Amino acid sequence: MRNRFSALVTIAVTLAVSACSTDTYVSKENIDKFGDPLVEKFLIRECIVPERDIRIAMASHFDFDKAELNEQDKQSIDHLISGIRKLHGQISIVGHTDYQGSDDYNIKLSLRRAEAVKAYMQSQLDASRYDWEVKYYGESKPLVEGQSKQANAENRRAYVVFEQTQTQQENEFCAPPEPKRKVFVAMTSHFDFDKAELKQVDEASLDEFASQLSGLNGRVLIAGHTDYQGSISYNEKLAEQRAESVLQYLQTKLDPNQFVWEVKSFGELNPVTQEQDLDANALNRRAFIVFKEGDLPDLSSESNE
């Protein structure tokens, strides 16, 4: 995984993370070592190490009106689980439905789907190693507009986002995420082979995502991915270009100063599916966009140091 921001010096992590609190203080010297001060301070406040392990998975095969995971989605989640078993971190699970049914019913159904993912993961992991948060939005945040059978199937989904964190033993100031914060996840999944340009269908999806952030502050993480075709180094660059395309588009729709922006490149790592046929390759050419609500850090105290 390749980070857009500069690599950390070990001593900078040790000194800066030890300052984690509600009003996080990071010295001018350590901000310089961390890279982008707004990004790094936002992460430190959540006890997240900037050079961290991030995993994203999607369960996208729910049957109509059902919350049970099928084997294909269990395999996707198992792949994520295998990578985090020895780590500590935050796990956010976000459930969704299609348009069929009342708003109230779909809210409850999306909760059942997110809870099904959580229950499955907790049966495979030591749950005490993680801070868990479950979000559920019913039909209100579709991945695909429309009410066709295909659109309905694609909108029946749940996302899993893992971010590695410090533990309370490592840092006494660490605390779980604010329970009421909003967490949104979107995906652009229509990149052509060897291309980073956004398609109109994905621009429409990003327009909807941007509209949901109106009046909010927080962190936007954009994670770029590729299929298996090409060298590892080439795919890292291509994945970063895809993430940057999303970043540039979103910043034309939002006030960039209202958010902390972070770009990650995964290349061909962490595929949605392990298969390598044409359909699987198309699905793996994607970018995930994760928004986590939070107050923006105040850097004014550091500017006077």
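Since every read-out is calculated from the coordinates, none of them should be taken as a lab result. Just so it is clear, the structure is predicted and the values come from calculations on it, not from any experiment. As a convention, Cβ positions derive from the backbone with ideal geometry for all residues, glycine included, and neighbour counts pool all protein chains shown.
Which residues in segment 253-297 place their backbone N less than 13 Å from a point set 7 Å from the Cα of residue 212 along the Cα-to-Cβ direction?
Those under the cut-off are 288-293.
Roughly speaking, what is the centre-to-centre gap between segment 163-179 and segment 97-118 when only Cα atoms are used, to the nearest Å?
29
Plugging the Kirkwood radius over Cα pairs into Stokes-Einstein for segment 161-271, at a temperature of 20 °C and a viscosity of 1.002 mPa s, what D comes out in µm²/s?
Values: Rh = 15.6 Å.
For these conditions, the coefficient is 137 µm²/s.
Work out the length of the dipole vector of segment 131-226 about its Cα centre, built from +1 on the beta-carbon of each Lys and Arg and -1 on the beta-carbon of each Asp and Glu, and round it to the nearest 20 debye.
Working: 11 positive and 16 negative charges, 70 e Å.
Roughly 340 debye, rounded to the nearest 20.
Of 109, 80, 94, which is farthest along the charge dipole of segment 54-164 in the positive direction, counting Lys and Arg as +1 and Asp and Glu as -1 at C-beta?
Of the listed residues, the answer is 80.
So for the pair residue 180, residue 115, with labels modelled 7 Å out along Cα→Cβ, what separation do we get in nm?
Using points 7 Å along Cα→Cβ, the separation is 2.2 nm.
Please work out the FRET efficiency for the pair residue 173 and residue 86, using the Cβ-Cβ distance as r and a Förster radius of 30 Å; give the result to the nearest 0.05. Can you show the working numbers first?
On the way: r = 23 Å, r/R0 = 0.77.
Efficiency computed from Cβ-Cβ geometry: 0.85.
Show the residues, 5+ positions off or on another chain, whose built amide H is closer than 5 Å to the amide H of residue 218.
Here 260, 294 satisfy the definition.
Taking the Cα atoms of segment 54-164 alone, what are Rg (to one decimal) and Dmax (as a whole number) in Å?
Calculated on Cα positions, Rg and Dmax stand at 13.7, 42 Å.
Quick one: 3J(HN,Hα) in Hz for segment 85-100, Karplus 6.51/-1.76/1.60 with θ = phi - 60°, rounded, Gly and Pro as x.
Once θ is set to phi - 60°, the couplings for segment 85-100 become 4, 9, 9, 10, x, 9, 10, 9, 10, 10, x, 9, 9, 8, 7, 6 Hz.
Quickly work out the residue 277-to-residue 296 label distance, labels modelled 7 Å from Cα along the C-beta direction, and quote it in nm with one decimal.
So the label points at residue 296 and residue 277 sit 4.8 nm apart.
Return the FRET efficiency for the residue pair residue 203, residue 65: r is the Cβ-Cβ distance, R0 is 30 Å, and the value is rounded to the nearest 0.05.
Values: r = 31 Å, r/R0 = 1.04.
With R0 = 30 Å, the Cβ-Cβ based efficiency is 0.45.
Between residue 72 and residue 147, how high is the FRET efficiency from 1/(1 + (r/R0)^6) when r is the Cβ-Cβ distance and R₀ = 22 Å? Nearest 0.05. Spell out each step's value before the answer.
Working: r = 24 Å, r/R0 = 1.09.
Using R0 = 22 Å, I get an efficiency of 0.35.
Charges at C-beta only: +1 for Lys and Arg, -1 for Asp and Glu. How large is the resulting dipole of segment 72-145 about its Cα centre, in Debye rounded to 20? Walk me through the intermediate numbers first.
Numbers: 10 positive and 11 negative charges, 75 e Å.
Value, rounded to 20: 360 debye.
Please give, to one decimal in nm, the separation of the simple spin-label points placed at residue 129 and residue 234, each 7 Å out from Cα toward the Cβ.
Taking the simple label geometry, residue 129 and residue 234 are separated by 3.6 nm.
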